1. Let a ≥ b ≥ c be the square roots of the eigenvalues of the Cα gyration tensor of segment B:18-64; is it rounded (a/c under 1.5), or, if not, prolate (a/b larger than b/c) or oblate?
2. Alpha carbon centre of segment A:138-162 versus segment A:80-95: separation in Å?
3. Put the label 7 Å from Cα along Cα→Cβ for residue A:181; what are its distances to the other copies, in nanometres, shortest first?
4. Put a dot 7 Å past each Cα toward the Cβ at residue A:262 and residue A:242; how far apart are the dots in nm?
5. Distance from a point 7 Å along Cα→Cβ of residue A:129 to each backbone N in segment A:176-197: keep the residues under 20 Å and list them by number.
6. Given the C-alpha centroids of segment B:11-51 and segment A:39-67, what is the distance between them in whole angstrom?
7. Treating the point 7 Å from Cα along Cα-beta-carbon as the label, what are the nm separations from residue A:199 to the other copies, to one decimal?
8. Looking at chain A as a GNM with Cα springs under 10 Å, which of A:79, A:284, A:29 has the largest mean-square fluctuation?
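Nothing in this text is a laboratory measurement; each read-out follows from the coordinates by a stated rule. What you see is a predicted model; the values in this text were computed from it and never measured. Because the Cβ atoms are built from the backbone with ideal geometry, glycine has one as well, and the counts that use them run over all protein chains shown.
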């Protein structure tokens, strides 16, 4: 998985930090997570092939996460796109799209599916051959869900020398990769453990924004390779965080620690912070493997 | 009048040219003309005090002219703005604002007035002490109006030496500035022409986008000091212009010539043009006083 950070800012007047959008490439498939105003501008600047995206996941309908969406879809239309687009979002997005069709002359020459997500439960909402996406219930001022991108269990690694030894036909390989034993022509059984080694680990990326500290998030993202968790504030502005249902860097680190993830990415920073050293220090005091989600930076999982 | 060009691009995927927005300062009042996606980003980059704007004029509801508006208003809200905002726009904007209030948690702690403009007639829709704004009916795929900003006739210049000669009291000055003669205590009349010289000329700025060639525009903008007229295409793409109800650089120049304006600004360029020399040459062949509306450039009227 390759994750590019298009914006790490939060709501409020634009003051240099871009609004939220992450571009995710996973096994030749492209996904967009949130789409704040100016996402297509950022994609252009960073050389991101945003036109290849087929699924867009919107966490919630606040402007800094969604005000670039209709513009992006309009650009797709004006480029003559024919590939379908699926958008996963909390209730309300359909109304937003419909009113733009009605009053702004917006039209879609491609199949646009809007799939409403339930922000109260964690469940699989999308899957393809190699990947599944689960919702992560969040706690914000309006309905919000994070998204967990998780590779499905991978096939076990074949031990080629054993395939030779037992003269196993090619037609049996797939089921052996999936864990089956092999029955020899004389009826003897070769156990799978002799024919394969463990598969490569399945990677996962969790995208959690916007939310107050919500401990049940840790359950859903447990063991994730990379957790992006909003940290709008530092503890210095604890009251603001509580008032606005946002997290501090400490809150994000608590979730990371609790969920035993491999790495934490901090983002969605309030404009009041010119530099982010305090965020980093505050989080690392609780969870060392923390990084800032710098704009334009590519993170590999 | 000071006009700053925030964007000179047209619709379609962002490829470096910003979407339409002009910032106009006139006698200490600030106006925004159109508000494409990323307008607040551009205002920040250019150091434009966009928060001082009290009137916003939207030509039409296509995304490249309006998709930055709700984001801008949201930012105003998050900054705790209390100054009223008036938005002039064709029908439909209210619906757009209402659906955002309903589904995006958008709220306005200031008085937001949406004033629907009739795009079929030219009339005064706004005035203050020194300025009036008229609609300019345009011809596009959806209802569209340009806007003519015109200073009201200015007071005549007093000839101080004549005021001395006739011992005219201060209380009479204002009516003399407005053209009145002065009656002396003995009943004799001093004609205004002896007491004053002609006022400074009233300046005007016409903002015409988006539109096909529409000759009646020339009538409304006649004699304007500066005419911004869209020129999405050059004549090489005449068919595209006709198909999409846009103008070529030649069309813009024809309006400028016909209206006998002082200067023409070209803008709203299609992404297909990397450089704009052809636009300029094409327009200047018809109307010499033509310039490109370069992004970030300040034009004085």
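1. Judged from the Cα gyration tensor, segment B:18-64 comes out oblate (a/c at least 1.5, b/c at or above a/b).
2. 23 Å
3. Label-point separations across copies, in nm and ascending: 12.2.
4. 3.7 nm
5. A:176-180
6. 21 Å
7. Counterpart label points of residue A:199 in the remaining copies fall at 8.1 nm.
8. A:79
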